[in-house]
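Below is one structure; the comments refer to it alone.
The values are calculated or read from the model by the stated rules, or taken from the named source; none is laboratory data. The structure presented is a predicted model; accordingly, all values stated were derived computationally and were not measured. Here Cβ is always computed from backbone atoms with ideal geometry, including for glycine, and neighbour counts include all displayed protein chains.
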Amino acid sequence: MYRLVHNGYLAYLVGGSVRDLILGRKPKDFDVGTNATPNQVKRIFKNCFLVGRRFRLAHIRFGDHIIETATFRRTPDMDDDGDVCLVEDNCFGTPEEDALRRDFTINALFYNIEDFSIIDHVGGLDDLHAGVVRAIGDPNLRFQEDPVRMLRAVRFASRLGFRIDPPTYHAILAHHRQILRAPLPRLLDELLRLFAYGSAEAAFRLLYKVGLFHDLLPEIADFLDHDHGQDSLLWPWLRELDRIVALEPARGTPAVCLAVLLAPALAWVEARYRGRGQTVQHALLVRDLVAPVLLRLGAPRWLHERVVMVLQFQKRFDPLARKRFSRRGFLAQAVFPETFTVFEVATRCGQGDLESLRSWQEMAANGAGTAAEPLALPKRRPPRHRQRQVVRR
Ligand code: ATP
Ligand code: MG
């Protein structure tokens with residue numbers, strides 16, 4: 001920012017980092033807004049590369065960090081073909097226009113390093129202090145413009161412990177059914193971001209309350225409807241996952257998050273079959289439940305397969321199933337840590353064997369350094385002289 005300012009440009013810290021700094025939280029990343037165009041930014045930073053097709057952004061690298069530097073822009077006017085940004089310059093705007101195109105007032109604050117002030121075009125500071133998530137402009141239009149913003153409202157409310165301003169809240173109630181109109185990759189991305197920072201339980205409770213849960217995950221919503229809604233079994237599962245993710249964020253992988261979301265519904269479906277005296281193969285049941293959910297969300301193939309594996313392998317923790325496979329082989333599988341995390345959640349929610357959890361935990365800890373190796377252990381016995389050496393020692 002100082003370099004941009006020394007070169008005669010405006011440069012502000014923008015977006016989520018300003019919000020988090022004011023709240024005393026550690027920002028995940030820092031974004032900069034400037035009136036320099038991407039090419040002008042590139043000219044004054046050697047460590048800069050331009051990304052993005054529709055809207056060019058400058059990524060400036062400092063060590064391991066990337067500072068995303070975006071030129072102030074305004075909401076583009078749609079032309080007759082619904083095409084936006086025909087000429088890039090058309091999209092550039094003033095700082096105020098840039099604040100107004102953002103989603104919520106708490107996300108539209110700028111921090112000015114020249115006088116250490118906060119620039120607030122939208123009343124974001126008051127909302128930040130009052131703990132309110134409020135859409136900028138008419139929430140009905142803003143959610144129709146980009147339905148993903150409804151998920152973002154839920155994310156900020158649950159993560160920050162804020163309430164959603166009534167007009168914004170009612171707009172979600174009115175438009176939640178449009179959520180699947182959003183581009184699927186962004187949808188999945190925003191859905192998975194609900195699990196970050198250990199606030200998944202609050203986020204999914206709120207999704208259920210406003211109806212977004214039914215739109216996005218009808219199979220699981222069906223289970224919730226039959227399982228006492230806000231008193232369902234699913235909530236302790238998410239609470240347990242939240243606890244783990246708060247301590248060790250890396251364990252909350254996309255496959256783990258989706259598997260935890262699906263596991264209680266899976267058990268319910270399974271119990272229903274059993275109740276009718278029918279037996280179904282667990283592996284098939286998993287595929288049948290996972291497929292519609294992940295296809296609807298446009299999950300990539302690898303993620304789909306991983307969720308299936310994590311759920312299918314839960315059976316391996318069943319003490320009765322142990323004999324049929326190699327524990328070492330299981331431990332060495334790339335998917336083991338994720339499978340184990342879901343088993344840990346299940347066990348702490350009373351659905352698994354605590355003794356078994358402890359013994360697997362120990363095994364995983366002992367094998368931790370060699371986790372990738374056990375499969376490579378010699379199949380044949382080591383040569384005799386080495387055996388003798390071992391005995392002598
Ligand atoms: P987090 O800390 O979770 O990253 P964030 O506020 O930084 O939260 P990002 O998704 O990283 O959220 O987006 C950065 C900023 O870009 C937001 O603070 C907001 O101002 C703006 N923004 C992001 N998505 C949208 C959107 N769909 N509509 C309008 N503005 C958006
Ligand atoms: Mg961010």
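Tabulated results
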| item | result |
| --- | --- |
| Scan of region 365-393 for residues that are at pLDDT 50 or above and touching a helix residue (DSSP H, G or I) at 6+ places or on another chain (Cβ under 6 Å), ordered by number | Gly367 |
| Checklist (1) surrounded by 13 or more Cβ atoms within 10 Å (Cβ to Cβ); (2) closer than 30 Å to His214 by Cβ; (3) at pLDDT 85 or above applied to Gly352, failing item | (3) |
| Within region 27-73, tally of residues that are out of contact with any strand residue (DSSP E or B) (no Cβ under 7 Å at 6 or more places or on another chain), assigned to a strand (DSSP E or B) and either aliphatic (A, V, I, L, M) or surrounded by 12 or more Cβ atoms within 10 Å (Cβ to Cβ) (or both) | 1 |
| Selection within region 99-130 - surrounded by fewer than 23 Cβ atoms within 10 Å (Cβ to Cβ), within 9 Å of ligand 1 (Cβ to nearest atom) and under 14 Å from Leu21 (Cβ atoms) | Asn107 |
| Filtered residue count, region 9-38, keeping only those that are more than 16 Å from ligand 1 (Cβ to nearest atom) and at pLDDT below 95 | 0 |
| Residue satisfying condition, being under 19 Å from Arg205 (Cβ atoms) and aliphatic (A, V, I, L, M), within set Val256, Val260, Val286, Val269 | Val260 |
| Residue within region 253-269 that is more than 17 Å from Leu311 (Cβ to Cβ), at pLDDT 95 or above and under 13 Å from the mean Cα position of the chain (by Cα) present | no |
| The listed residue being within 16 Å of ligand 2 (Cβ to nearest atom) and more than 15 Å from the chain's Cα centre (by Cα), out of Val133, Val122, Val148, Val210 | Val133 |
| Residue under evaluation Thr341, criteria (1) part of a helix (DSSP H, G or I); (2) at pLDDT below 95, criterion not met | (2) |
| Evaluation of Arg155 against (1) crowded, with 16+ Cβ neighbours inside 10 Å; (2) more than 16 Å from ligand 2 (Cβ to nearest atom); (3) of a type in the set (D, E, K, R) (one fails), failing number | (2) |
| Phe92 vs. criteria among the hydrophobic types (A, V, I, L, M, F, W, C), more than 22 Å from Met150 (Cβ to Cβ) and at pLDDT below 95 | yes |
| Region 169-184 - residue that is touching a residue at least 40 places away in the same chain (Cβ under 8 Å) and in contact with a Pro (Cβ under 9 Å, 6 or more places away or on another chain) and, of those, farthest from Asp20 (Cα to Cα) | Leu180 |
| Every residue from region 152-166 that is out of contact with any strand residue (DSSP E or B) (no Cβ under 8 Å at 6 or more places or on another chain) and not in a helix (DSSP H, G or I) | Gly161 |
| Any hit, region 29-42, residues being under 30 Å from Val132 (Cα atoms) and among the charged types (D, E, K, R) | yes |
| Some residue of region 6-14 being more than 15 Å from ligand 2 (Cβ to nearest atom), of a type outside the set (Phe, Trp, Tyr) and under 21 Å from Asp103 (Cα atoms) | yes |
| Members of region 302-332 that are buried (at least 16 other Cβ atoms within 10 Å of the Cβ) and under 16 Å from Trp360 (Cα atoms) | Val310, Phe313, Gln314, Arg316, Phe317, Phe330, Leu331, Ala332 |
| Residue count for region 19-56, restricted to those that are away from ligand 2 (no atom under 13 Å from the Cβ) and without any contact (Cβ under 8 Å) to a residue 60 or more places away in the chain | 23 |
| Qualifying residue in region 131-140 (condition: assigned to a loop (DSSP other than H, G, I, E, B), within 12 Å of ligand 1 (Cβ to nearest atom), more than 27 Å from Pro218 (Cα to Cα) and small (Gly, Ala, Ser)) | yes |
